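Where a number appears in this text, it was derived from the coordinates with a stated rule and is not lab data. The shown structure was predicted, so the numbers you read here are calculated from the model rather than taken from an experiment. Here the Cβ is made from the backbone with ideal geometry for all residues, glycine too, and neighbour counts use every protein chain on show.
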Amino acid sequence: MDKTKGGELVAEGLFVDAENKLNRRVLAIDDDKEVLYAYQEMLGAITKTGSSLRAFANISDTDSEISFDITVAHNGLEGIQLVKDSLQENQPFALAIVDMRMPPGPDGLDTAGTIRKLDDRIYIVLITAYTDRSTDEIQRKIPQNILILKKPISRDEIRQLAFNLCQAWVRDRDLHDFRCQLEQKVEQRTQALQETAKKLKAREVQLLHGDKMASLGQLSAGVAHEINNPVGFILSNLNTLDDYITQFKVLIEYYEQLALKCGDGPVNRELQALEDKIADFKEKHDLDFALQDVSLLIKGSIGGAGRIKEIVQNLKTFARVEAADRDEVDINDCIKNTLTVIWNELKYTCEVRQNLHKLPKIYCHAGQLNQVFTNLLLNSVQAIAEKGIITIESTRDKDSVIVKISDTGSGIDEKDLPFVFDPFFTTKPVGKGTGLGLSISHGIIHEHNGSIVVQSHKGQGTTFTIRLPISIKRERSLRPKSPNSGIPV
């Protein structure tokens, strides 16, 4: 913050005249000591101000006390060093008055050129009686804030010039600061617009993905319904067949008991022949084994059909297209349903260890949470090169339900961890991932007022921790009718 002190404005280490708004620091460079003394005399306090100066510089009667803070240098190298020092001390000169011819060392033009490279805001006045440098050459070397004055110079002329250029320096500084502020605001606004555009793009992609998943969910539910009907017939028929086989086995036992009770009479010889024929048939076709095995086959078929029915039911629960709003859900059931649906992706690569504790039901979109668990579990199995372990743990912590999914896979590089939930970010090879799975999962958990964090070390595996609140039922659902979430935050 600028502060006023004794009629002067202390700004960024500079003493600036508060009333006339000028930087009073002037550097005079000349190899002639008398000339330097003359500059000090001319630019000191004004005691007698001519009417021409007052008219030209618009100086009031109170301006008669204006004096410049003048520093002198006896050669170009000394002047250059003074400019360097002033910049380091954050008290730059507003004006440098440089004599054109200063033997030995750099002449005025070379000195001015070096000063311009050090400070592009300083005004430079070249003083010359004669020079072998053309005006074009001077302007090429110092293209801006440069003036050339011919000797001799009057006191009023040099004061007028110093006053106006020192004022111009302050205006330039203020204009520069204002421009920097504008550029900063434009940059901030541009970044905000780019971020908004990025979010809109992510929203568009996720909505498209959501529509796709909704269609897939409807298709899955339809397929599950179509499969469920014939599976029901098969189960019913197998159960009936099992009853029939049981009855046939009892009847065969009765026939065997009847054959054992037959005597040796003439009639019984025919029965004995039939008994021998039955015995040969049983031995040839190994009916004893067949009767035992048929029961096992039927039980196996019933079990397989029951497994199909369970998968179909889990698939319907997983799709959950009929549930637009939240419902009371046991998170453990969501985990089990998800494992059932994607088990074929897991069983060949990893061992799944479940440590699921009893949890209270929470209000949520089961289909959305199933999608989160699917994304995390598929990411885990894809991170395991050959054989590994996936551990799923569910617990309760006060008013929250916590689910941790850990794997012994390849892990995530530390530099990539801050970006894993960003849309389109992926560490998978081209064609192996869209970079939307974790972003969508993050959005879903966020819209459930929960949190999801990741911990990982390269080569040591990854753990995702989900925390969901145990909240009361609200009338409003968490989100529109789409199985996917919005923009992650």
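Per-structure values
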{"item": "FRET E, pair K21, L193, Förster distance 41 Å, beta-carbon r, rounded to 0.05", "result": "0.65"}
{"item": "Given K199/K404; K249/K299; K358/K458; K185/K415; K361/K415, the pairs whose alpha carbons are separated by over 26 Å", "result": "K199/K404; K358/K458; K185/K415; K361/K415"}
{"item": "Ranked packing of 359-371, 76-88, most packed first, by mean Cβ within 10 Å", "result": "359-371, 76-88"}
{"item": "Label-point separation in nm, L149 to R353, each point 7 Å along Cα→Cβ", "result": "8.8"}
{"item": "Phi to ³J(HN,Hα) by Karplus 6.51 cos²θ - 1.76 cosθ + 1.60 over segment 407-419, Hz, x for Gly, Pro", "result": "9, 9, x, 6, x, 10, 4, 4, 5, 8, 4, x, 10"}
{"item": "Cβ-based net charge around F178, under 11 Å, with every Lys or Arg adding one and every Asp or Glu removing one", "result": "0"}
{"item": "Net charge of Cβ neighbours under 12 Å - reference Q460; Lys, Arg +1; Asp, Glu -1", "result": "-2"}
{"item": "Amide hydrogen neighbours beyond the local backbone of I70, cut-off 5 Å, H modeled", "result": "V26"}
{"item": "FRET E, pair Q88, R203, Förster distance 60 Å, beta-carbon r, rounded to 0.05", "result": "0.70"}
